[in-house]
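Working notes for the structure below.
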């Protein structure tokens, strides 16, 4: 799995840290998200896939991935992706594997973590604090879409303009001035989870500060 915002200037860091009172502190994250989402503005060689249409269909046109669902939840550049209000949105993705598609769980056998939100054929997403103290403080998390990454965009194929499907997670009540370790997992019958090899999951940390801007400036001196 992968996540955004990932900063090219600091590729080894998995910490998302900013001060809600200082727009300059989160601009690098909102810029990274905006840059990542620009790829979906190019709709050449794509098609709208309503009903039963999927990327399994025999066509050179990929299913078009729409961003309206994220805008409706405040995960857009117009709303600063929630960073200005301390409710940041984070993109989660699956790595591209040619020919891979999610295998549905047998009926009523989906894991407890996604029970009630799982849709057969989709990739369920669940995020939580990595350890017990983190789980106590991570707060409420909203999933967009609620069912995870839509299965109609699979399998991944070499196409002229393949739109990689994504989901977003919105942290609606994260703590202030406290580091929280977050672990997000993807769920399908053919997805394995292995923390050591980072299979089927991704880790990052959140530190949302709420302090006078001058304190930030003192720290940087």
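We did not get these values from a lab; they are worked out from the coordinates using the rules stated. Since the structure is predicted, the reported quantities are computational estimates derived from the model, not experimental observations. Ideal geometry is used to build each Cβ from the backbone, glycine not excepted, and the neighbour counts take in all protein chains shown.
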Inset, instruction - Find the eigenvalues of the gyration tensor of the Cα atoms of region 138-221, then list the square roots of 5 times those eigenvalues as equivalent ellipsoid semi-axes, largest first, in whole angstrom. - result: 34, 16, 14
Inset, instruction - Compute the separation of the alpha-carbon centres of region 1-54 and region 85-100 and state it in Å as a whole number. - result: 9 Å
Inset, instruction - With a 10 Å radius around each residue's Cβ, average the other Cβ atoms per peptide and rank 75-81, 154-160, highest first. - result: 75-81, 154-160
Inset, instruction - Could I have the simple spin-label model distance between residue 7 and residue 157, label points 7 Å from Cα toward Cβ, reported in nm to one decimal? - result: 4.0 nm
Legend entry - Within the chain, percent of DSSP bridges classed antiparallel, to nearest 5: 75 percent
Inset, instruction - Could you work out which residue, out of 137, 203, 193, moves most in a Gaussian network model of the chain, that is, has the largest mean-square fluctuation with Cα springs under 10 Å? - result: 193
Legend entry - Order by protection proxy (mean Cβ within 10 Å, highest first), peptides 91-102, 45-56: 91-102, 45-56
Legend entry - Estimated [θ] at 222 nm from DSSP helical runs (n ≥ 4, -39500 (n - 2.57)) normalised by residues in the chain, nearest 500: -4000 deg cm²/dmol
Inset, instruction - Using only Cα positions of region 78-215, each an equal point scatterer, no hydration layer, compute I(q)/I(0) via Debye at q = 0.09, 0.16, 0.18 Å⁻¹ and quote the log10 values to two decimals. - result: -0.31, -0.88, -1.06
Inset, instruction - Compute the length gained on full extension between residue 85 and residue 120: take 0.36 nm times their separation in residues and subtract their Cα-Cα distance, giving the result in nm to one decimal. - result: 9.2 nm
Inset, instruction - At 7 Å along the Cα-to-beta-carbon direction for both residue 140 and residue 173, put a label point, then send me their distance in nm to one decimal. - result: 0.6 nm
Inset, instruction - Let me know the shape class of region 35-143, please: from the alpha-carbon gyration tensor, a ≥ b ≥ c as square roots of the eigenvalues, rounded when a/c is under 1.5, otherwise prolate if a/b is greater than b/c, or oblate. - result: oblate
Inset, instruction - For an R0 of 22 angstrom, estimate the FRET efficiency from the Cβ-Cβ distance between residue 43 and residue 98 and round to the nearest 0.05. - result: 0.45
Inset, instruction - Measure of size requested: the Rg and Dmax of region 1-50, with Cα atoms as the atom set and Å as the unit; please supply both. - result: 14.5, 42
